[in-house]
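Chemist: Structure in structure tokens, see below.
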Amino acid sequence: MNRIVLFVVILLLFAVAASFAWWALSLPGAVTLPYGEQEISIQSGLAAFLMLILGGVIAFAWWILSGLFILPGKIGKSRQVSRTRKANSALTEGLLAAEAGDADTALKLARKAAKHADDERLQLLLEARAAEANDDWAGAERAWGQLTRLPGGQLAGLRGSASAAAERGDQQTAEVRAREALGIKSSADWPFNSLFDLQVSRGEWVKALETLSIGEKRGLIKGDSLRRRRAVLHTARAAGLPHDRKLEAQKELAEALRSAPAFSPAAWHGARQLMTDGKTKSAQGVLETGWKARPHPALAQLSRRLVPQDTPENISARLKALINTNPTHRESRILEAELAMDSADWTGAIKALALLVEENPTARLCLLMERALKGYGDKSEAERWGRMAVSASREPDWSDLDPKGMAFDFSQRNWSRLVYAFGDVGDLVHPRYESFGRELEAGRVMALPSPDEEDDLVTAKAPSEPRLPPLDYVADED
């Protein structure tokens, strides 16, 4: 289609030119030019045609002359374009080599780019990447540092400098670079994340809280992650304060509970602080708040011990208050079974535990069932559940309690993990379970007796000993 249009345009131009020539040659009159003592007469049309040709010759000559004048500039520009292409090619290939981990090639191309590149920022970027690929973190930090002094390269240079400093173990310099970058108005979130991560890794809870507030103001973190991270930081700080600063610790824990009531360590530590001050009702209120948001066995254990040598009636009332805040939760149902056993209601306890065992027969539930069956009087069945506990799975939450009754006694490293585990996902960490859980699971052996052994147990049972009804019947009994 384009060729047809071009052909038509050319035909039109020829037609116009022919028409102009015919018109010019048909003009009447003549043009007289003096030539010495003689006069030369030229037809008007031919004279016009000759003037047109003369104008074209003059224009062509001027084009040639002007081209000669600008030729050096064109040659220089061509060379510059060639240098730019070579520099861009070297930069591109060098960056690809650096990302691929080919340190030698990246360094060679960095030197080549230095000869041709006009933009020093690109040269320094490649130099820094090549140094990183060669594990030359000091050289990388030097190149990134030079980049920070160039227009438009400050933020990128600070990020690279912070990363390089962290790689060579200079956490203080890395923090300074991240803090400097955080002071620059930008939508980049890496300065906040880098600074926050460094502070959390070192257990600097107060500084991390300040950085978290900056991130909140800039919209870099919000919602549940913000509130849960803040709860962990406040709790971690309170857990590390000495006894003579317990009022400050209580304020930190109150702030943690306001931020995330579902953070069980905050509720446990907060209630324990109040318990040591003799504020039993306040401590129970904190435990109920935590239980309502997220029941945890450590909270029930602490509720039992709020008052030393307390009466069974008072203990039962406190535990029932916990249950009423979240009655359908698994932990509340387990607590109901424990309360039934406390009041010697063995059948009620077995009924409650039977339903829970059907859902997930953990070692904890098996041991509770063993206790209930012993109370009921069926020792052989109790022994069977005791053997089942050996091979049943463990519960991570239960590992948070140590034999002394303490809970959530985390190290600084575990608190740092919780900032992200609970802060970003809502999960707790269970250090003892993680340390020994796999070994326990891998070393399990089948503790259930064979059918013949079960028959022998039933046969050997004394006639006068009471016999437990089948668990299915107990669970369905009104």
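Chemist: What tally of residues in the stretch 186-211 results from selecting those that are farther than 19 Å from Ala164 by Cα and either charged (D, E, K, R) or touching a Lys or Arg at 6+ places or on another chain (Cβ under 6 Å) (or both)?
Modeler: 4
Chemist: Right, another one. From the residues in the stretch 273-288 that are over 21 Å from Arg237 (Cα atoms) and in contact (Cβ under 8 Å) with a residue 24 or more places away in the chain, which one is surrounded by the fewest Cβ atoms within 10 Å (Cβ to Cβ)?
Modeler: Checked the stretch 273-288; the qualifying residue surrounded by the fewest Cβ atoms within 10 Å (Cβ to Cβ) is Thr280.
Chemist: Please state which one of Ala178, Ala131, Ala140 is in contact with a Leu (Cβ under 6 Å, 6 or more places away or on another chain) and of a type outside the set (Phe, Trp, Tyr).
Modeler: Only one candidate qualifies: Ala178.
Residue by residue, here is whether (1) open to solvent by 10 Å² or more (accessible area, probe 1.4 Å); (2) assigned to a helix (DSSP H, G or I); (3) without any contact (Cβ under 8 Å) to a residue 24 or more places away in the chain holds:
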site: Ala354; (1), (2), (3): no, yes, no
site: Arg364; (1), (2), (3): yes, yes, no
site: Met369; (1), (2), (3): no, yes, yes
site: Gly375; (1), (2), (3): yes, yes, no
site: Arg384; (1), (2), (3): yes, yes, no
site: Met388; (1), (2), (3): yes, yes, no
site: Glu395; (1), (2), (3): yes, no, no
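Chemist: Here is a further query. Among the residues of the stretch 354-385, which ones are in contact with a Cys (Cβ under 8 Å, 6 or more places away or on another chain) and within 30 Å of Asp427 (Cα to Cα)?
Modeler: Initial filter on the stretch 354-385 (in contact with a Cys (Cβ under 8 Å, 6 or more places away or on another chain)): 357, 385.
If the condition is that a residue be in contact with a Cys (Cβ under 8 Å, 6 or more places away or on another chain) and within 30 Å of Asp427 (Cα to Cα), then Val357 is the only one that fits.
Chemist: Got a number for residues in the stretch 248-260 being surrounded by 15 or more Cβ atoms within 10 Å (Cβ to Cβ) and assigned to a helix (DSSP H, G or I)? Walk me through it before giving the result.
Modeler: First, the residues of the stretch 248-260 that are surrounded by 15 or more Cβ atoms within 10 Å (Cβ to Cβ): 249-250, 252-257, 259-260.
Now narrow it down to the ones that are assigned to a helix (DSSP H, G or I): 249-250, 252-257, 259.
Number of matching residues: 9.
Chemist: Looking at Lys320, is it touching an Asp or Glu at 6+ places or on another chain (Cβ under 8 Å) and either open to solvent by less than 60 Å² (accessible area, probe 1.4 Å) or more than 19 Å from Pro265 (Cβ to Cβ) (or both)? Walk me through it before giving the result.
Modeler: Working: touching an Asp or Glu at 6+ places or on another chain (Cβ under 8 Å): no; either open to solvent by less than 60 Å² (accessible area, probe 1.4 Å) or more than 19 Å from Pro265 (Cβ to Cβ) (or both): yes.
So Lys320 does not fit the description; no.
Chemist: In the stretch 121-157, how many are outside any helix (DSSP H, G or I) and either open to solvent by less than 60 Å² (accessible area, probe 1.4 Å) or at positive phi (or both)?
Modeler: Filtering the stretch 121-157 down to residues outside any helix (DSSP H, G or I) leaves 134-136, 149-153.
Remaining after also requiring either open to solvent by less than 60 Å² (accessible area, probe 1.4 Å) or at positive phi (or both): 135, 150, 152-153.
Here the count works out to 4.
Residue by residue, here is whether (1) touching a residue at least 40 places away in the same chain (Cβ under 8 Å); (2) surrounded by fewer than 24 Cβ atoms within 10 Å (Cβ to Cβ); (3) charged (D, E, K, R) holds:
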position	(1), (2), (3)
Ser201	yes, yes, no
Lys207	no, yes, yes
Glu216	no, yes, yes
Gly223	no, yes, no
Ala236	yes, no, no
Gly240	yes, yes, no
Lys246	no, yes, yes
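The values are calculated or read from the model by the stated rules, or taken from the named source; none is laboratory data. Note that the structure is a prediction, hence the values are computed from the model and not measured. Glycine gets a Cβ as well: all are built from the backbone with ideal geometry, and neighbour counts include every protein chain shown. Note: areas computed on protein heavy atoms with side chains; ligands, DNA, RNA excluded. Shrake-Rupley method; radii C 1.70, N 1.55, O 1.52, S 1.80 Å.
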